[in-house]
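Engineer: Here it is, the structure, as C-alpha cells.
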Amino acid sequence: MMTLPPATTSSRTINSKLNEILNKATRSPTGSTSDVNKLDQNTVVQYSNLLRANILGKDKQEKVNSIVVLAKLLGCIDVKSVQDLSQLTSILNHDLFHVLFSIITPNMSLETFKAILKICNAMSSIFTTKESYQIVIDTVVKHLDIINIMVDKLHHDFKIMVNSLRFFNDLLSKSLQYHYDSILVIFERLRSQSFFGSIENLNMNDKSLTFLIEQLKSTYIRTLQWLNTMQYDLTSVHHNTILQETLKQLTGSLNEFGNDATPEEFKIAGFGDNPKQFIIENCSILLSIDIIVFLKDSNVTFKKRFHEHLMMYQHKLTFPIYQFIKLSTNLWIDIYDQDEYPNIVSSCLNYDEFIYYTMLNCLRLWQQTKADSEHVDKIFLLITSSIYTIEDDLGSGAKSIEEILDWYMSQDVRLKQVEQIINTHEIAWNPELQEFDKILAQQSLDFIIDQRVVQLLKGSWVYTESYGESLLKSKPSSSNGGIGIGNNSHAAIANKDSARYYFITLSPNRQVIYFKPYLNKPPVNPTIAEMEQNNQYIKLTEIISLKSQKLGEFIGEEDKLKSSRLISIRGTISYEQITLMGNTKPLISFYTDSNVNMYVWLDGIKMLKGITNPDQFSDETAKQLENLIEVRRTIQLLELNNIEPGVIDEDEDVYNLNELDNVTTGFHFMNIV
C-alpha cells in the first residue's frame, strides 16, 4: 500500500503528491484508477485534517486551494479499504460543510464550485449512517440559496451538470432511505427553482448523463409518492416551515391587489373557516408543496387570468383552488402508479408543468362554462379525458411538453374531449338510453310546441300578398287582392287594396287566427281586444293544408348576366310566401322576410293541427328540435360519470326528466363546444 510523505502545512505540497500518484496511475499498463485508490487511512486522515484546517482558516487563497485539493484527495479514496470511517466523518463535519456552502456565490470560479460539488458527492459513500449523512442535508437546509446558484450554473459546465445530478439524487435517495423530514424544504426549493424541469429539458446524448437522469426520475417519483402519503406533524420544524409557506403564498394570491386574503376569500377558495387547521387536516405535504410551487410559478398566465376573473366578479373569489389542485395532484400521482402511460411517466420531471397547465385549463373551463362549486368534477372530467392523447403526443416527440399542454387548451380539443366522454357513456348505458331517447324526444317536441304557441299568441307583423309582390318586383303591385278569402263571412276586410301589413295572432283559446290589415305599422301592437273587435279571423278547423314558397333567391342574377362588372347579391334578399289553404281555395296568403316568422307560423299552425312529424317541419324547427335533444342528452350522459351502468334499477331514477331540467339550469356547459 502506498504511503504519502509526512504532511506539511501547505495544500500546494499535498496537491503535488496527489498529482504524482495520479500521473503514475495514468502511466500504468492497465490505466486503472485502482492504483490511485491505495492511500492508507492514516495518510488520508492526516491530510484531510490539514485541508480542513485551511478551509476553516482566514487565508482566502489557501481556503480555495484546499477545497480543490480536498476534492482531489477524496477522489483517491477506496472507501471499502477504509477500516474506520468515523475518523473521516469526524473531520468532514457540520462546520466544514457550513463553510463550503457559505462561500458559494453566483460569481465564484467554476473550478471551486465543481470541487465543492465533488466533495458533497464523496460524502454519499463516506457517510453511510443516518446520523452521519444528516450533517449534509441539515447544512443544505441552512443554505437553501445554494440551490438557486446550482440551478443557474447547471448548463455552464458538463461536470457541474453531472455532479449536481448526483448530489441532489443522493439527497433524495438518502431522505427516502432514512426518512429525513428536512428534505421537504429542499424539495420545495428545487421545484420552485425549476431544477427538475431543467434536467428534463436537457438535450444530451451522453450515456452517463442519460443514466443519471433516469436514476433521478425514479427517485423523483418515489419522493412524490412518499410525500403524498405524509401528513402534517407539527412537532417537526420542517413541517411547520411548509405549513407557514403554504399560508404565506395563499395569503398573497387570493385577491388581485396582493393584499392579505380575507377569511371569506380563503373560504370560497376551498380552505374553510380556519385555513391553517384546514391545511393541517386535509393537505398532504406534497399537496402543500404543490400549492407553494404553483403559486410561486414565474409564468403569470394563470395569475393574470385569475385576477381578471376576480375583477369580473366584483372582487369576490369564485374559483375553488383547493378542490382543483387536489384533483390535479391526485391525477398525476395516480398516473405515475400505472404502466398505462409510459411516456407521461418518462416525463415525470415536468410534474410542475403538468400541475400548472392542469390548473390553468381548469380555470379557463371554469370561466367559459360559468360553473359553480357543484361542477368541479364535471370540469375535471374534461381534463382527464385528454390524458391518452397527451400520452400519444409525448411519444411522438414532435412537440415540446409546453406546446402539447398548451394545445390542449383549445376549444377544438375540448370538443373532442366532450365527445370522448359522451361516446364512452353512450356505449356503457346503451340499454337504458334506448327508452330514455324516446321520452326525451317527446319531451323536447312538447317544449318546441309550447314555444311555438307562445310565439303565435304574441303575434307578428307580415306583408300582405299584394305588397309583398310589389317588393319583389320593385314596383307597385297591380294586384287587387291582398288576401284570399274563403267562405267565412268574418274574413272580409276593409281597404284591402291599400293594406301593406297584417298583424296576425292566435286567439287565447287557440281556436282561431286573428288578422288585421294596416297601411303602416302603428307604434304599439294591437291588443287582443282590438283584434277581436276587428272581427276578421280564420278558424283552425278550416285550415286543410299549408303552402310555402321561398322567393327572391335569384335577385340580381338577371342583371349580372347583362354586365360582367356587376356583382350578384343572390340570396341576400329572400321572402317566404305562406298560404293557408281551405277545402277549395286559399284562406289567406302573406309574405314574411324573417325566418323566425316563417317557421313560427308555418310550423306553429302545423303543430296546432296535430302534425308532429319532424320531417314535415321547416329546416329551422327541425334543427332546433335536434339541438335541444342533443344538448339535454349530452348533459345527461355527462351526469352519468360517477355512476356505474346497471346500479340503478328503477326507471324513475334513470329517466328523471325533472332532474335533467335542473341539471341544465345555471350551467352553460355547451358554451365550450
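The values are calculated or read from the model by the stated rules, or taken from the named source; none is laboratory data. Keep in mind the model is a prediction, meaning the values are calculated, not measured. Glycine gets a Cβ as well: all are built from the backbone with ideal geometry, and neighbour counts include every protein chain shown.
Residues checked against (1) hydrophobic (A, V, I, L, M, F, W, C); (2) more than 52 Å from the chain's Cα centre (by Cα); (3) at pLDDT 90 or above; (4) surrounded by fewer than 16 Cβ atoms within 10 Å (Cβ to Cβ):
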{"residue": "514", "(1), (2), (3), (4)": "no, yes, yes, no"}
{"residue": "527", "(1), (2), (3), (4)": "no, yes, yes, yes"}
{"residue": "537", "(1), (2), (3), (4)": "no, yes, yes, no"}
{"residue": "541", "(1), (2), (3), (4)": "no, yes, yes, yes"}
{"residue": "586", "(1), (2), (3), (4)": "no, yes, yes, no"}
{"residue": "596", "(1), (2), (3), (4)": "yes, no, no, yes"}
{"residue": "615", "(1), (2), (3), (4)": "no, no, no, yes"}
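Engineer: May I pose another question? Which residue pairs have Cβ atoms closer than 7 Å, lie 6 or more positions apart in sequence or on different chains, and pair a first residue in region 445-471 that is farther than 15 Å from residue 514 by Cα with a second residue that is of a type in the set (A, V, I, L, M, F, W, C) and part of a loop (DSSP other than H, G, I, E, B)?
Structural biologist: Hits for this filter: 465/483.
Engineer: Which number in (1) crowded, with 20+ Cβ neighbours inside 10 Å; (2) under 30 Å from residue 304 (Cα atoms); (3) under 24 Å from the mean Cα position of the chain (by Cα) marks the one condition that residue 186 misses?
Structural biologist: Every listed condition holds for residue 186 apart from (3).
Engineer: Collect the residues in region 335-358 that are more than 20 Å from residue 213 (Cα to Cα) and acidic (Asp, Glu), keeping them in residue-number order.
Structural biologist: Of everything in region 335-358, just one residue is more than 20 Å from residue 213 (Cα to Cα) and acidic (Asp, Glu), namely 340.
Engineer: Still on this structure, please answer the following. Report whether or not residue 150 is farther than 25 Å from residue 46 by Cα, part of a helix (DSSP H, G or I), in contact (Cβ under 8 Å) with a residue 12 or more places away in the chain and touching a helix residue (DSSP H, G or I) at 6+ places or on another chain (Cβ under 9 Å).
Structural biologist: yes
Engineer: Let me ask you something else. Of everything in region 225-268, what is among the acidic types (Asp, Glu), surrounded by fewer than 16 Cβ atoms within 10 Å (Cβ to Cβ) and outside any loop (DSSP other than H, G, I, E, B)? Give them in sequence order.
Structural biologist: Selection gives 264 alone.
Engineer: Are there any pairs with C-beta distances below 6 angstrom linking a residue in region 526-546 that is assigned by TED's automatic domain parsing to the domain that holds residue 578 and of a type in the set (Gly, Ala, Ser) to a residue that is surrounded by 15 or more Cβ atoms within 10 Å (Cβ to Cβ) and modelled with pLDDT of 90 or more, with the two at least 6 apart or on different chains, and if so which?
Structural biologist: Partner pairs satisfying both residue conditions: 545/581.
Engineer: Something else about it: So, of the residues in region 269-308 that are closer than 15 Å to residue 245 by Cα, charged (D, E, K, R) and at pLDDT 95 or above, which turns out to be surrounded by the fewest Cβ atoms within 10 Å (Cβ to Cβ)?
Structural biologist: 276
Engineer: Does residue 286 qualify as being part of a helix (DSSP H, G or I), in contact with a Gly (Cβ under 9 Å, 6 or more places away or on another chain) and within 25 Å of residue 196 (Cβ to Cβ)?
Structural biologist: When the stated conditions are applied, residue 286 does not pass them.
Engineer: How many of the residues making up region 124-144 are without any contact (Cβ under 8 Å) to a residue 40 or more places away in the chain and part of a helix (DSSP H, G or I)?
Structural biologist: The number of residues fulfilling the criteria is 2.
Engineer: Here is a follow-up. Quick check on this structure: which one of 240, 228 is within 26 Å of the chain's Cα centre (by Cα), under 16 Å from residue 288 (Cβ atoms) and modelled with pLDDT of 95 or more?
Structural biologist: 228
Engineer: Would you mind telling me which numbered condition in (1) assigned to a helix (DSSP H, G or I); (2) more than 21 Å from residue 452 (Cα to Cα); (3) modelled with pLDDT of 80 or more; (4) not charged (D, E, K, R) residue 628 fails?
Structural biologist: Result: residue 628 fails condition (2) only.
Conditions tested, residue by residue: (1) in the same structural domain as residue 346 (by TED's automatic domain parsing); (2) part of a loop (DSSP other than H, G, I, E, B); (3) not β-branched (Val, Ile, Thr).
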{"residue": "364", "(1), (2), (3)": "yes, no, yes"}
{"residue": "367", "(1), (2), (3)": "yes, no, yes"}
{"residue": "371", "(1), (2), (3)": "yes, yes, yes"}
{"residue": "377", "(1), (2), (3)": "yes, no, yes"}
{"residue": "390", "(1), (2), (3)": "yes, no, no"}
{"residue": "398", "(1), (2), (3)": "yes, yes, yes"}
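Engineer: Condition first: modelled with pLDDT under 90, assigned to a helix (DSSP H, G or I) and either β-branched (Val, Ile, Thr) or not assigned by TED's automatic domain parsing to the domain that holds residue 150 (or both). Can you find one or more residues in region 76-88 that meet it?
Structural biologist: Yes, region 76-88 has at least one match.
Engineer: Quick check: is even one residue across region 179-189 part of a helix (DSSP H, G or I), closer than 19 Å to residue 157 by Cα and free of Cβ contacts under 8 Å to residues at least 60 places away in the same chain?
Structural biologist: no
Engineer: Only one residue in 352, 337 is more than 16 Å from residue 376 (Cβ to Cβ) and at pLDDT below 95. Which one?
Structural biologist: One residue alone meets the criteria, 337.
Engineer: If you don't mind, another one. Is it the case, given these coordinates, that residue 329 is surrounded by fewer than 20 Cβ atoms within 10 Å (Cβ to Cβ), in contact (Cβ under 8 Å) with a residue 40 or more places away in the chain and either touching a Leu at 6+ places or on another chain (Cβ under 8 Å) or in the same structural domain as residue 245 (by TED's automatic domain parsing) (or both)?
Structural biologist: no
Engineer: Return the residues of region 107-122 that are hydrophobic (A, V, I, L, M, F, W, C) and touching a residue at least 40 places away in the same chain (Cβ under 8 Å); say none if nothing qualifies.
Structural biologist: Those that are hydrophobic (A, V, I, L, M, F, W, C) and touching a residue at least 40 places away in the same chain (Cβ under 8 Å): 110, 113, 115, 116, 117, 119, 120, 122.
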